[in-house]
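The values are calculated or read from the model by the stated rules, or taken from the named source; none is laboratory data. All figures in this text were calculated on a predicted structure; none of them were measured in a lab. Virtual Cβ from ideal backbone geometry, glycine too; neighbours counted across all protein chains shown.
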């Protein structure tokens, strides 16, 4: 039993059957939960998941909220320690945008076993100097 952190793209893909990552996101999340892993997500990534639904209205936002309540996915608050790690990642790796650095830093701070993303532009965990596994769907 481990800790799996999610990037926003995993949930966005899960919720949209037309998304290129829908099938892989569905399988990865189902597998993580079936294996008894804890699943978590940075609050910043949760906010990113809510942008599209917020444009569509209250019902769409409620669908996301219900998904998080049902699965359960823990939303991890941003704190000063995570912010410092994110700033360090962003400073050392200029190709990593701050929202992505926040997700990576949250997973690293929690000592997650794995970080699932749909973003192929991220550097490897080794290049970032992290011990967690970053898996791109």
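A few remarks follow.
- Checked against the criterion of being surrounded by 13 or more Cβ atoms within 10 Å (Cβ to Cβ), more than 10 Å from the chain's Cα centre (by Cα) and touching a residue at least 60 places away in the same chain (Cβ under 8 Å), the stretch 33-52 contains one or more residues that satisfy it.
- Per-region count, the stretch 22-42, residues in contact with a helix residue (DSSP H, G or I) (Cβ under 8 Å, 6 or more places away or on another chain) and assigned to a helix (DSSP H, G or I): 6
- Residues satisfying the stated conditions in the stretch 75-96, i.e. closer than 19 Å to residue 11 by Cβ and exposed (fewer than 14 other Cβ atoms within 10 Å of the Cβ): 77
- Of note, residue 10 satisfies the criterion of being closer than 21 Å to residue 114 by Cα, part of a helix (DSSP H, G or I), modelled with pLDDT of 95 or more and in contact with a helix residue (DSSP H, G or I) (Cβ under 7 Å, 6 or more places away or on another chain).
- Among (1) at pLDDT 95 or above; (2) in a helix (DSSP H, G or I); (3) in contact with a helix residue (DSSP H, G or I) (Cβ under 7 Å, 6 or more places away or on another chain) - the single one residue 62 does not satisfy: (3)
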